[in-house]
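**Q** My questions will all concern the structure given below.
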């Protein structure tokens, strides 16, 4: 099991565009079309499966919200920050 990060570690490690919301980090990604968001969500699912991580993904019209936390650790870990960075790379 991963150790949760301190508040300072979370703030210092948050990738661009991500915010903290309690015991989660979150970002809403924007797209030109609904299907662009659906494709992105599928890509995030693939990244998550590789990392054996399970984000919450909400698909809306032209937006996809991703929420990350490490449930078995009870908060935010390095695993969350790493997957957030990979989501950013997938989007860019």
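We did not get these values from a lab; they are worked out from the coordinates using the rules stated. Nothing here was measured: the structure is a model prediction, and the numbers come from that model. Here Cβ is always computed from backbone atoms with ideal geometry, including for glycine, and neighbour counts include all displayed protein chains.
**Q** Can you tell me which of 63, 50, 24 moves the most in a GNM of the chain? Springs connect C-alpha atoms under 10 Å apart.
**A** Largest GNM mean-square fluctuation: 50.
**Q** State whether region 7-91 is rounded, prolate or oblate according to the following rule on the C-alpha gyration tensor (a ≥ b ≥ c being the square roots of its eigenvalues): a/c under 1.5 gives rounded; otherwise a/b larger than b/c gives prolate, and the remaining case gives oblate.
**A** Values: a/c = 2.00, a/b = 1.60, b/c = 1.25.
It comes out prolate by the Cα gyration axes.
**Q** I need to check one value: relative contact order of the chain, counting alpha carbon pairs closer than 8 Å and at least 6 residues apart, in percent.
**A** Values: 136 pairs, mean separation 35.0, N = 92.
Once normalised by length, the contact order is 38 percent.
**Q** Compute the angle between helix 78-91 and the longest alpha-carbon principal axis of the chain, please, reported from 0 to 90 degrees and rounded to the nearest 10.
**A** Roughly 20 degrees between the two axes.
**Q** What do you get for the angle between helix 34-50 and the principal long axis of the chain? Use alpha-carbon atoms, 0 to 90 degrees, nearest ten.
**A** Its long axis makes an angle of about 40 degrees.
**Q** Measuring from label point to label point, each 7 Å out along Cα→Cβ, what is the residue 23 to residue 82 span in nm?
**A** 2.1
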